[in-house]
């Protein structure tokens, strides 16, 4: 079953700009979907329709089969957890513990269940030792982890990440990657918006390419990432492993650096 | 409403009020006037609005405000701002009625308030933050003060953007701004206001550092790129404004 479905969705901003035009998209349960495109392509606007922050100007969005029109953001967020790009726009509590408690309380968790959920989330995200720290004093990587934790805490079926890698250094990206990978491993539906194709590539997500508020095309990661022309037209740069495979006239790209090394070793 | 698609209820009000004070560049004769003339226009309208004391005065005042507003193609924005000022006007009306027991004088005071709102916002709607800075400098106000004032106006749109994003982020975490009793609603503001203030503070200290890195304060009297120059149109506008003001005030004070 499609967990989220866009049917002929258009969205006109109050200033008259057409942010989305005629978007059709189906997100299936348990899949990993990447939405790529340059700045201003309409990616974030698309995301905001997934938990009802925005409602379509025309067309409809369905979340678990029911239309988002007339549903509150809170109702929808229970099932679709959205993590925004800027961690500083959501951190406000006096401790990491309280920050995680906030969403859970909003969704009605209380007492022992609340406490247990917070503790298990802290442990799962390796934040337990930081639980009494004011979240504003955390490092950029820790803040990002906390922001994802605050949403995963209430266990939404779908996790939507807006530009998770922005402002993250390499070790933090590696860590973030492992984290996303294990969230996917739990069978959760994960939607990632990013223009960091290097980061997305090893997740081999189904990929949607957006430009000017439209979906240019969608397909497997392999088919999209090997299409240099398409990526360029969307203002994106091919991942290096895909570029290398193309220069070598290979039909399929390397899935990892090790994969490439093995290929070269076989030739020498 | 502008930018408010991500928020609701009371937040829309804040947005519209900020929107009313936000400068938007338009190519109209009013926007192109010398900022000192625009300030004169606003102050004159302000005084006229303040002096009006009966229905005819009020009618004349609003006509006087609407003429430059229509030349500036800003009537719709102005009206929208006034509609959103109605809540506060109602408050003024009630307080006045309690003390004076006169529907008539309470109405006059309320309409006068709307006139004051309209006249003041005319200046901010048609004058860019840069121009505000030139005017303040022309008055030889201390440079730090001028800079701080102009910057705070300049950052209104940035704060609005922050506010929208913060509200979106917290709503995505299940925060329901318009739910609960009055105490709960005030408590609902905490998750919105803390990130807003913290971000504003961080940004201002970053801005201060960036300014210092570019030599702010290195000289006592920095040179200015633009100097204000009055054109023929500006002098004509001053003449019209002063004549109209003299006429209206003498009507108000029954001199003629």
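Of these, B:200, B:148, which one is at pLDDT 90 or above and either more than 10 Å from chain A (Cβ to nearest Cβ) or in contact with a strand residue (DSSP E or B) (Cβ under 9 Å, 6 or more places away or on another chain) (or both)?
Of B:200, B:148, the one residue that is at pLDDT 90 or above and either more than 10 Å from chain A (Cβ to nearest Cβ) or in contact with a strand residue (DSSP E or B) (Cβ under 9 Å, 6 or more places away or on another chain) (or both) is B:200.
Restricting attention to the range B:160-180, which residues are surrounded by fewer than 16 Cβ atoms within 10 Å (Cβ to Cβ) and modelled with pLDDT of 85 or more?
Passing the criteria: only B:161.
In the range A:189-244, which residues are crowded, with 20+ Cβ neighbours inside 10 Å and on the phi > 0 side of the Ramachandran plot?
Within the range A:189-244, just A:213 meets the criteria.
Test residue B:146 against the stated conditions and say whether it is within 28 Å of the chain's Cα centre (by Cα), farther than 20 Å from residue B:131 by Cα, part of a helix (DSSP H, G or I) and free of Cβ contacts under 8 Å to residues at least 24 places away in the same chain.
When the stated conditions are applied, residue B:146 does not pass them.
Being facing another protein chain (nearest Cβ under 7 Å), in a helix (DSSP H, G or I) and closer than 21 Å to residue A:5 by Cβ is the filter here, so list the residues in the range A:75-102 that pass it.
A:77
Only residues that are part of a loop (DSSP other than H, G, I, E, B), touching a strand residue (DSSP E or B) at 6+ places or on another chain (Cβ under 9 Å) and under 25 Å from residue A:264 (Cα atoms): list them for the range A:221-244, please.
Correct list: A:227 only.
Every residue, every condition in (1) farther than 30 Å from residue B:56 by Cα; (2) in contact (Cβ under 8 Å) with a residue 60 or more places away in the chain; (3) more than 27 Å from the chain's Cα centre (by Cα), yes or no:
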residue	(1), (2), (3)
B:172	yes, no, yes
B:179	yes, no, yes
B:199	yes, no, no
B:205	yes, no, no
B:229	yes, yes, no
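Residue A:145 - would you say it is in the same structural domain as residue A:41 (by TED's automatic domain parsing) and over 12 Å from the mean Cα position of the chain (by Cα)?
No; evaluated as a whole, the condition is false for this residue.
Among helices (runs of 4 or more DSSP H) lying entirely in the range B:1-95, which contain 2 or more residues that are more than 28 Å from residue B:232 (Cβ to Cβ), away from chain A (no Cβ under 14 Å) and modelled with pLDDT under 85?
Result: B:10-21.
Given the conditions (1) exposed (fewer than 15 other Cβ atoms within 10 Å of the Cβ); (2) more than 13 Å from chain B (Cβ to nearest Cβ), and given that residue A:35 satisfies all but one, which numbered condition is not satisfied?
Here residue A:35 meets the rest and fails (1).
Yes/no matrix, rows are residues, columns are (1) outside any loop (DSSP other than H, G, I, E, B); (2) away from chain B (no Cβ under 14 Å):
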| residue | (1), (2) |
| --- | --- |
| A:112 | yes, yes |
| A:116 | yes, yes |
| A:126 | no, yes |
| A:129 | yes, yes |
| A:136 | yes, no |
| A:141 | yes, yes |
| A:149 | yes, no |
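Report whether or not residue A:71 is in a loop (DSSP other than H, G, I, E, B), at negative phi and over 16 Å from the mean Cα position of the chain (by Cα).
yes
What number goes with the only condition from (1) part of a helix (DSSP H, G or I); (2) over 17 Å from the mean Cα position of the chain (by Cα); (3) at pLDDT below 90 that residue B:157 does not pass?
Only one criterion in (1) part of a helix (DSSP H, G or I); (2) over 17 Å from the mean Cα position of the chain (by Cα); (3) at pLDDT below 90 is unmet by residue B:157, namely (2).
Is there a residue in the range A:168-191 that is within 23 Å of residue A:41 (Cα to Cα) and assigned to a helix (DSSP H, G or I)?
no
Tell me whether the range B:163-180 contains one or more residues that are outside any helix (DSSP H, G or I) and touching a strand residue (DSSP E or B) at 6+ places or on another chain (Cβ under 6 Å).
Checked against the condition, which is being outside any helix (DSSP H, G or I) and touching a strand residue (DSSP E or B) at 6+ places or on another chain (Cβ under 6 Å), the range B:163-180 yields at least one hit.
What number of residues within the range A:49-66 satisfy the criterion of being within 12 Å of chain B (Cβ to nearest Cβ) and either surrounded by fewer than 21 Cβ atoms within 10 Å (Cβ to Cβ) or in contact with a helix residue (DSSP H, G or I) (Cβ under 7 Å, 6 or more places away or on another chain) (or both)?
Residues flagged as within 12 Å of chain B (Cβ to nearest Cβ) and either surrounded by fewer than 21 Cβ atoms within 10 Å (Cβ to Cβ) or in contact with a helix residue (DSSP H, G or I) (Cβ under 7 Å, 6 or more places away or on another chain) (or both) within the range A:49-66 amount to 7.
The values are calculated or read from the model by the stated rules, or taken from the named source; none is laboratory data. Just so it is clear, the model here is predicted, and its values are computed rather than measured. For neighbour counting, all protein chains shown are included, and Cβ atoms are generated from backbone atoms with ideal geometry for every residue, glycine included.
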